[in-house]
Structure formats: structure tokens, C-alpha cells
Amino acid sequence: MTSVKVKTSTREHMVDVTKQIQAEVKNSGVATGICTVFCPHTTAGVTLQENSDPDVKADMIQSLSRIVPREGHRHAEGNSDAHIKSSLIGHSVTMFVENRKLVLGSWQAVFFCEFDGPRERNLLVRVIAG
Amino acid sequence: MTSVKVKTSTREHMVDVTKQIQAEVKNSGVATGICTVFCPHTTAGVTLQENSDPDVKADMIQSLSRIVPREGHRHAEGNSDAHIKSSLIGHSVTMFVENRKLVLGSWQAVFFCEFDGPRERNLLVRVIAG
Amino acid sequence: MTSVKVKTSTREHMVDVTKQIQAEVKNSGVATGICTVFCPHTTAGVTLQENSDPDVKADMIQSLSRIVPREGHRHAEGNSDAHIKSSLIGHSVTMFVENRKLVLGSWQAVFFCEFDGPRERNLLVRVIAG
């Protein structure tokens, strides 16, 4: 199990971490198997999305804020929206490894999704042969 | 593969099952690997969330009911909202195991999410070395 | 790793692929372990849902379109709604294998969820012993 550090610079922020995950896959020495990326935070998540047009990220952040407004919750810390978004996006993604590389669709990138930043965060990565 | 029983007492109910999952990890005898928790129901799900302030659970249940209202669907059983919430929250979470223990973030707990209770339900757990 | 082809015939379309995934599990020769289904697309996803009443699928498609309207986004391709739905539904589901068969709840079926069809798509499948 290894860890990838992520620094976010705004409250909501999608950070492309594909290169770092690919590096962990290569370092694992596993040629064929699965790679799970795990987000150990309750106000952030991990997803796969397109990274060619930055508008897709902007649209996703805006839509999530429309789906889960910041106001109208009880939790005294004032970040319930971030908790709920994190469970909607999810905390683990399992991908495949072939020829020591992550198998992704043509348009897929791995994104850390910050919903209560800016902060220093981390993702955990494990690669298993199989 | 083992099974964890969950009893829910209201229609929407988030139940912290972290201790039961940790016990299954310990019983598996696996020191290092992955642990997948699987929800075999179509009107319930599994997620990770904070369990220090119970308001987070209340806010999540309320938000999900705002996102997917109970009325306005076709399905004659009248629980389409529960089906849709279950797919939004998801049915599997894969976590890591180190030193015979589940690796969770400081604030993370594993929650069974009931959307059509009260019922007796179960979660399936498998731990794989790797 | 194997691939399952899926042909969708409308813009939003949930296709039951349970039989194809069961066939891949059987072909893998693995008696006991895990099976991960991975969606390599950014405007589609994979989920588990009921397939006895087709109204459940219709309600889910309609609800998702209410949660993420097609209009009001920046992305010039005009399919931001499909990108966002794909991240809400998710791109990987991990299930268990026992006696060379996928373990599913009584009402569960595996669905490919198209949000920007009609298209020819594929799902990736890997079965690992454990």
C-alpha cells in the first residue's frame, strides 16, 4: 500500500492524479492484476472523468453544488454538503493492470475530488497480481 | 466470504458496521491485502462516512430524500426512491488491510445505508491477501 | 481481463449484462474469489439494480435526468449531464464469486448505464481467486 499526496487550492477542486497512480502501478512490479485507489477522507472522493476539456470538471463541480446545496443542514461544522458529495462520488475505484500499466478508457483520468478544501490530502493505492 | 447481519429500525437508516467488518478482517487471518464489502440489496447501499456527529447521518438522509423524492415514480411497489438512492450510494466498497486491520481515515466509519426499511439485511465481506 | 460488448439504442439506456458477466466468471475458471466489472467510458457507468419490473429502470433514468438536467452546462459537446451521471453511478463494482458463479442478491442484476448513446460500448471484467 502506498500513498499519493494531493494539494488542493480551492474549496471544491478536482485534481488529476493519473500520473501518480500510474507511477505507483509501475513501482509495484505487478504486470497483470487490479489496482484499487482509496480515498481516506469523508469530505472528498475519487472518480474517473475526462480531462481534455476543463469545462467538464467545472460543470461537475457546479452540478454537485446544485444537487447538494451548502445551506440547509444541521451539522455545526457547516460542511455537510461536502460529506454528502463524498458519498455520492464514492471512496474507492478498482481498475485493471496490464503490462505494468493502468487500463483506462481513451478519455478517462483518475480524479481526486475535494469538497472541503483547500487542504493537503492523500489517496491510498494498492496493486494486487491476478 | 462471510456475512454481517444488519437490523434497521426506520425506513431510512444509516447503521455503523465498522466493528463487525473489523472483526471479519481479523477472523480472515489475512495480514495484508484488500477487504471488499458488498451490499446484496437493491434498496440499500454501503458507504464510508463520519460517525462522530450524528447530524452528518441525519443531513445525508435528508439530502438524499431531497435529491430523490419519494413521489413521482411509476414502479408500483412505491419504493423507486430507495432503488435510485441505492445506485447513487453504491453496492461495493474496497478498502485495504494492514496488520490484520482495516485501514480507514481518521473520521471514516463503514455504514450500511437502508432506504426501504425497517428490515433485516446483510452485508457480504471478503478479504484477499495481496 | 476480458471484454463484454454492449449496444445501446437510446441516449439513456440501462442494459442488463448479468448473463455475459456470469459467462466471463465461468470462463475464468476461478471457483472462489472476486469479480470486478469496470466501465472504461466517461459518459456511462455500471451499477446493480432490480430487473424484474422495467419501471425501476425507467424511474432511475427519469430521476437522473431530473437530478442532472441536460441544459445549463459549459462543456461545448453538450453532454456534461452524461459525464456527471457517470460519476454519480460509478465506474467499478466488485462482486464475489462462489462455486464458479457470481454472488448476487435475489433481486440484483448488473446493468451497463448509457447516458450518451446510442453507441457501441464495452465493459471490462477481471476475476481473481482468493
**Report entry** Separation of the A:Arg66 and A:Lys7 label points, Cα + 7 Å toward Cβ, nm
**Finding:** 3.3
Requested in this report: Please give the average number of partner chain Cβ atoms lying within 10 Å of the Cβ of each residue in B:116-125, rounded to a whole number.
Outcome: 1
**Report entry** Crossing angle, helix A:80-89 versus chain A [Cα axis fit, 0-90 degrees, rounded to tens]
**Finding:** 30
Query - Local net charge near B:Asn122, Cβ-Cβ under 14 Å (Lys/Arg +1, Asp/Glu -1) - result: +2
Query - GNM result for chain A, Cα springs below 10 Å: residue of A:Asp16, A:Asp116, A:Asp53 fluctuating most strongly - result: A:Asp53
Requested in this report: Give me C:Phe96, C:Phe111 ranked fewest to most by other Cβ atoms within 10 Å of their Cβ, as a rough exposure proxy.
Outcome: C:Phe96, C:Phe111
Report task. Starting with the fewest neighbours, write out C:Ser87, C:Ser63 ranked by other beta-carbon atoms found within 10 Å of each beta-carbon. Result -> C:Ser63, C:Ser87
**Report entry** Principal semi-axes in Å for the range C:18-60 [√(5λ), Cα gyration tensor, largest first]
**Finding:** 25, 15, 8
Query - Contact order relative to length of the range C:2-129, as percent, for alpha carbon pairs under 8 angstrom and 6 or more apart - result: 53
Query - Cβ-based charge dipole, chain B, positive-most Cα from B:Phe111, B:Gly29, B:Thr94 - result: B:Gly29
Report summary line: Among GluC sites (Glu not before Pro) in the range B:41-104, those in a DSSP loop whose Cβ has at most 10 other Cβ atoms within 10 Å are B:Glu71
Report summary line: Given unit charges at Cβ for Lys, Arg (+) and Asp, Glu (-), the dipole magnitude of chain B about its Cα centre in debye, nearest 20, is 400
Query raised in the report: Dipole size in debye (nearest 20) for the protein assembly as shown around its Cα centre, Lys and Arg Cβ +1, Asp and Glu Cβ -1?
Result: 1060
**Report entry** Least to most buried among B:Cys35, B:Cys113, C:Cys39 (fewest other Cβ within 10 Å first)
**Finding:** B:Cys35, C:Cys39, B:Cys113
Requested in this report: Report the semi-axes of the equivalent ellipsoid for the range C:2-129 in whole Å, largest first, where each axis is √(5λ) for an eigenvalue λ of the Cα gyration tensor.
Outcome: 28, 15, 12
Requested in this report: Kindly provide the helix-only [θ] at 222 nm of chain C, computed as the sum of -39,500 (n - 2.57) over DSSP H runs of four or more divided by all residues, to the nearest 500 deg cm²/dmol?
Outcome: -8500 deg cm²/dmol
Query raised in the report: Once both axes come from the Cα atoms, what is the angle between helix B:18-28 and the longest principal axis of chain B, in degrees from 0 to 90, rounded to 10?
Result: 40
Query raised in the report: Taking each residue of C:104-111 in turn, how many C-beta atoms of other protein chains fall within 10 Å of its C-beta, and what is the average?
Result: 4
**Report entry** Inter-chain Cβ neighbour average for residues C:58-67, partner chain, 10 Å
**Finding:** 6
Query raised in the report: Semi-axes, largest first, in whole Å: what does sqrt of 5 times each Cα gyration tensor eigenvalue give for the protein assembly as shown?
Result: 26, 24, 24
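Just so you know, all these numbers are worked out from the coordinates, no wet-lab data involved. Owing to the predicted nature of the structure, the values given are computational and were not obtained by experimental measurement. Counting neighbours? That spans all protein chains shown, and the Cβs are built from the backbone with ideal geometry, glycine included.
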